[in-house]
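In what follows, a single structure is set out as structure tokens and then discussed.
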Amino acid sequence: MRISDDTIEKLLTGAGKVTPEQVEDLKKSSERTHRPLQDAAIQNKLVSELELTKLFAEYAHIPFIAVDPRDIPNDVLNKIPERIAVQYRAVLFKIDEDGTMHLAMDDPDDVQAIDFIQKEIGEKTKIYIATRENILACLENYRGDVDKQLNDVIDIQREDDGSEQQITEADVSEDSPVAQTINLLLEYAIRSSASDIHIEPREGYVQVRYRIDGVLKEVNRLPRNVLGSLISRIKILANLKIDERRVPQDGRFKIKVAGKQYALRVSTLPVSDGEKVVMRILDESNEAVSLESLGYWGHSLEIVNQALTEPNGVILITGPTGSGKSTSLFSILNILNTPDVNISTIEDPVEYKVSGVNQTQTNPKAGMTFASGLRALLRQDPNIIMVGEIRDSETANLGIQAALTGHLVFSTLHTNNASTSLPRLLDMGIEPFLIASTVRAVVGQRLIRRLCMNCRQSFTPSPEELSTLYKTFRLDANNFAIIHQLDTIAKSQKIGEATDLGTTEATITTLWRASSKGCDECSNTGYKGRIGIYEALQNTVSLQKLIVSNATSTQIQTQAILEGMITMQTDGLIKALRGQSTIEEVLRVTKD
């Protein structure tokens, strides 16, 4: 919905969202960038699209509504043809017994659109205003069952012999069945909240798998004869060499689904049965979420927030591939991203674009490595530096030197936990006294699947289950009081949606599990989304002494726990007690 600049000014000042000085700054920004005041206000985070839509609804005396796409009956939705609904961004979501039709629109000021739609469905219509994002999500209902559509398209291409066909230009054109197949696979993946798509040749078929919430799941098997044209079509989209099948290739392309832009990072690899493709899905419209939303709380959150106030030093995020390190750094950079600091990054690849941050992509073929890029960044007058990953001693040394010369440096390391990262730096040839004096904090993390809040089930553990649990988490009468205390703190900080404590001072009373059948909301898996579990190690004076004396990671961890560090496994246990996940999930990612 486009709102005039005058109206935007009235809405924002009337709601107390801006001061007169901010309005003037907005107008200057709008004139300078040739953008409407509405866009400038949202871009500068003075107001969100949802807040603005609600303010306009009140101003124009039009009821605001947030429509749940799952609540729209198909027969009601289809009273307006898809073409018209998409053109005018209008969704019919309910019909009363007396025949009153309830219509949600992105722009209810569009009189021509309303007249046209009322000729189609009748004039007994009640108009509502909804956000553009909400309308686009509802319009997705027209798509129906993507899996069925995919099978319909694939059926056209099935051949009895299953042999691969010669690829012609028509096979990979925009309107070919193969192009439709790729579009449907991408759309289905995005609607399933998948992070990766795997297209893998097997002896008699092509296997398609999605990684959803960190777990691979087979979603379809395509006839073997479509492999060549399927791979070629993806290569065309990613601007790769179609005729090169002997060496790996990397590329990237963008698509739009439901009004959101997604970047797909493409990697091809020759395997014994042909050529495999993996596509990583990156939501470019995603805004950084707060550290609390990622799962930080209590001691870990305090350590990280304290480290962010340091004028210089090194802050490390550690964990294996796919543990959410980039997402944590993305959120941290957004917290620190203000006009008075210069933030520069060197990454491989640049996964999240951050407005106002200077992001550089590594290019080893051109000599742009993490080390050479970091050396160049230091001549760019940065306040804050983010190095995507410390992979070698040269990068580690440069990062330490940058911290010594007054910069705040963020980076990641591939280690199992926070304490092992310090000996890892020693292995890279960094002097112990330099590690002790520059490293401010180290965060270890993993991702666990989050329980579906709609169908999760609570239960009281049996004596046998409790015995196993106590043994696994090394709990006894001496340290169980700490778990109860953490459970109490977590409840006070509104961690999870469990209303009661999961513990008493003596035992665990309540745990949670996924529903065996699941529900529509979680695609019958029992889980929906993921959440992080963390351990934050603060480099205190006692730990610095241990580092200088070349202590082992076990000694460092023991001392950190004595000083209040909560391990990842304990953090996971608390989140399981609070109903956010299950014990099985915590053990899946933390058990040694």
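The values are calculated or read from the model by the stated rules, or taken from the named source; none is laboratory data. Values in this document were obtained by computation on a predicted structure and should not be read as measured data. We place every Cβ from the backbone using ideal geometry, glycine too, and count neighbours over all the protein chains shown. When the accessible area is computed, the model is the full protein with side chains, heavy atoms only, and any ligands, DNA or RNA have been set aside. Shrake-Rupley method; radii C 1.70, N 1.55, O 1.52, S 1.80 Å.
Scan around Thr318 for amide H atoms under 5 Å from its own, H built in the peptide plane at 1.01 Å from N, and keep only partners 5 or more places away or cross-chain.
When sequence neighbours closer than 5 places are left aside, the close amide H contacts are Leu413, Val443, Gly444, Gln445.
Rounded to the nearest 5, what is the percent of antiparallel bridges among the DSSP beta bridges in the chain?
Roughly 65 percent of the beta bridges in the chain run antiparallel, per DSSP.
To the nearest 10 square angstrom, what accessible area does Leu37 show with a 1.4 Å probe?
Rounded to the nearest 10, the figure is 10 Å².
Based on DSSP H runs of at least 4 residues, each adding -39500 (n - 2.57), what is the mean residue ellipticity at 222 nm of the chain after dividing by all its residues, to the nearest 500 deg cm²/dmol?
Computed ellipticity for the chain at 222 nm equals -11500 deg cm²/dmol.
What ³J(HN,Hα) values, in whole Hz, does the Karplus curve 6.51 cos²θ - 1.76 cosθ + 1.60 give for the stretch 66-80 when θ = phi - 60°, with x put for Gly and Pro?
After applying 6.51 cos²θ - 1.76 cosθ + 1.60, I find 10, 8, 8, x, 6, 8, 8, x, 4, 5, 6, 4, 7, 5, 9 Hz.
Within the P(r) computed for the stretch 1-155, what percentage of the Cα pairs occupies the region above 29 Å?
Tail of P(r) above 29 Å: 31 percent of Cα pairs.
Can you sort Ser195, Ser467 by solvent-accessible area, 1.4 Å probe, largest first?
Putting Ser195, Ser467 in descending order of accessible area: Ser467, Ser195.
How large is the charge dipole for the chain, taken about the Cα centre, if only the Cβ atoms of Lys, Arg (+1) and Asp, Glu (-1) carry charge, to the nearest 20 debye?
Dipole of the chain, to the nearest 20 debye: 1160 debye.
Can you work out the FRET efficiency for the pair Arg70 and Asp500, with r the C-beta to C-beta distance and R0 = 22 Å, to the nearest 0.05?
0.15
Give the peptides 243-249, 432-438, 329-335 in descending order of average Cβ contacts within 10 Å, highest first.
329-335, 432-438, 243-249
How much area per residue is accessible in the chain when the probe is 1.4 Å and only protein heavy atoms are counted (Å²)?
Result: 49 Å² per residue.
If the cut-off is 13 Å between C-alpha atoms, which aspartates and glutamates fall inside it for Lys494, apart from same-chain ones fewer than 8 positions away?
Output for Lys494: Glu292.
Given the stretch 207-314 reduced to its alpha-carbon atoms as identical point scatterers, what log10 I(q)/I(0) does the Debye formula return at q = 0.21 Å⁻¹?
-1.19
Going by alpha carbons, how many degrees (0 to 90, nearest 10) lie between the helix axis of 227-237 and the longest principal axis of the chain?
With both axes taken from Cα atoms, the answer is about 90 degrees.
Taking +1 at the Cβ of each Lys and Arg and -1 at the Cβ of each Asp and Glu, which of Gly214, Thr53, Ala238 sits farthest along the dipole of the chain towards its positive end, judged by Cα position relative to the Cα centre?
Gly214
With point charges of +1 on the Cβ of Lys and Arg and -1 on the Cβ of Asp and Glu, referenced to the Cα centre of the chain, which listed residue (Ile190, Thr570, Ile448) lies farthest in the positive direction of the dipole?
Thr570
Using the Cα centre as the reference, give the magnitude of the dipole from point charges on the C-beta atoms of the stretch 276-326 (Lys, Arg: +1; Asp, Glu: -1; all else neutral), rounded to the nearest 20 debye.
360 debye
Of Lys17/Lys94; Lys276/Lys325; Lys45/Lys260; Lys45/Lys575; Lys94/Lys217; Lys10/Lys54, which pairs sit farther than 24 Å apart, going by alpha carbon to alpha carbon?
Lys17/Lys94; Lys276/Lys325; Lys45/Lys575; Lys94/Lys217
What is the Rg over Rh value, at two decimals, for the stretch 430-492, using alpha-carbon atoms and the Kirkwood definition of Rh?
Reported Rg/Rh, Kirkwood definition of Rh: 1.15.
Heavy atoms only, 1.4 Å probe, whole protein assembly: order Glu284, Glu31 by accessible area, highest first.
The most accessible residue leads, giving Glu31, Glu284.
Could you work out the relative contact order of the chain? I mean the mean sequence separation of Cα pairs under 8 Å and 6+ apart, divided by the number of residues, in percent.
Reported as a whole number, the value is 9 percent.
Report, to the nearest whole %, how much of the accessible area of the chain belongs to carbon and sulfur atoms, 1.4 Å probe, protein only.
47 percent
Could you tell me which of Gln485, Gln359, Leu475 has its Cα farthest along the dipole of the chain towards the positive end, charges placed at Cβ (Lys, Arg +1; Asp, Glu -1), taken about the Cα centre?
The Cα lying farthest towards the positive end belongs to Leu475.
Helix 325-336 versus the longest principal axis of the chain: what is the Cα-based angle in degrees, 0 to 90, to the nearest 10?
For 325-336 against the chain, the angle is about 90 degrees.
In whole angstrom, and with the biggest value first, how far do the Cα coordinates of the chain range along each principal axis?
81, 68, 63
Could you put Val443, Val589 in order of accessible surface area, largest first, with the 1.4 Å probe and the full protein assembly present?
Heavy-atom accessible area, descending, gives Val589, Val443.
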